[in-house]
Amino acid sequence: MSTRHADAHAALWPRLGLTVRDGDRTPLNLRELFGRDAPTVLEIGFGMGDATAAMAAADPDRDYLGVEVHTPGIGNLLALVGELSLTNVRVAEGDAMQLVHRLAPNALDAVHVFFPDPWPKARHHKRRLIQPASVAVLRERLRPGGILHCATDWPEYAEAMIETLDADPGLRRLPATPHARPETKFERRGAAAGRPITDLRYARI
């Protein structure tokens, strides 16, 4: 981590951080975590956290729980939280699905999965996040009407996402909504390279 990231991590992690441990199924009380009762968005794989911080700043009435394994990204999001004086962000480090299993059914207002690792080699497809078993668990954690919002710039993964999400009996695809989320740095680099973006929004029935 850079000095900026390390300083933010040292200052804010004890108060805002959550370490996710494999096999831990201790129920996670979101009201206790955030210190208030508000709709919560789960941000899976937030990268460097720029989009997460922007959404949280523009949406103070909802809480944002971001989970990531990339240490510099965690440090950067914590730095942004400090610089923007955000009170509605908490940061988890570890495996996202391990965290999801600690959440109660109907606990989330939305789940964001923006530009997950596409695992492009066929033998690695089983590692992809968007597959039937994981989607079923994510959907159960959404309140009725809650939104599962996914985006990718890998066309083949986009096709697999659509097939999986359309097949889930508890989800309904929503019309595309321009500017439904801030553009990420990753996305801008992809656009410059000519990679099309597939943006998918589904509501829990």
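When only C-alpha pairs under 8 Å and at least 6 residues apart count, what is the relative contact order of region 13-71, in percent?
33 percent.
Of all accessible surface on the chain at a 1.4 Å probe, what whole percent is carbon and sulfur?
Carbon-and-sulfur percentage of accessible area, whole number: 53.
Okay, helix-only estimate at 222 nm for the chain: each DSSP H run of n ≥ 4 adds -39500 (n - 2.57), divide by all residues, round to 500 deg cm²/dmol; what do you get?
The helix-only estimate for the chain comes to -11000 deg cm²/dmol at 222 nm.
Near the amide H of Asp59, under 5 Å away, which other amide H atoms are found, from residues 5 or more places off or on another chain, if H is placed in the peptide plane?
Those lying under 5 Å, H to H, from Asp59: there are none.
Per residue, how much accessible area does region 107-154 show when a 1.4 Å probe rolls over the protein heavy atoms, in square angstrom?
Computed with neighbouring chains in place, this is 42 Å² per residue.
Ordering Trp119, Trp13 from largest to smallest accessible area (1.4 angstrom probe), what's the sequence?
Trp119, Trp13
Under the definition of Cα pairs under 8 Å and six or more residues apart, what whole-number percent is the relative contact order of region 100-147?
63
Assign unit charges at the C-beta atoms only (+1 for Lys and Arg, -1 for Asp and Glu), then state the dipole size of region 17-98 relative to its Cα centre in Debye, rounded to the nearest 20.
160
Under the Karplus relation 6.51 cos²θ - 1.76 cosθ + 1.60, θ = phi - 60°, what is the ordered set of whole-Hz ³J(HN,Hα) values for region 74-89, x standing for Gly and Pro?
Whole-Hz 3J(HN,Hα) from phi for region 74-89: 4, x, 5, 5, 4, 4, 5, 4, x, 5, 9, 6, 7, 10, 10, 10.
Amide H of Val89: which non-local residues (sequence gap of 5 or more, or other chain) have their own amide H closer than 5 Å, using H built in the peptide plane?
Under 5 Å from the amide H of Val89 lie the amide H atoms of Tyr64, each far enough along the sequence or on another chain.
Kirkwood Rh over Cα pairs of region 20-119 into Stokes-Einstein at 37 °C, 0.692 mPa s: D in µm²/s?
Result for D is 241 µm²/s.
Relative contact order for the chain: what percent, with Cα pairs under 8 Å and sequence separation of 6 or more?
Normalised by residue count, the contact order of the chain is 21 percent.
The values are calculated or read from the model by the stated rules, or taken from the named source; none is laboratory data. Computed from a predicted model, the values in this text were never measured in an experiment. A quick note on method: Cβ atoms are made from the backbone with ideal geometry, for glycine too, and the neighbour counts reach across all protein chains shown. Side chains are part of the model used for accessible areas, which takes the heavy atoms of the whole protein and leaves out ligands, DNA and RNA. Shrake-Rupley method; radii C 1.70, N 1.55, O 1.52, S 1.80 Å.
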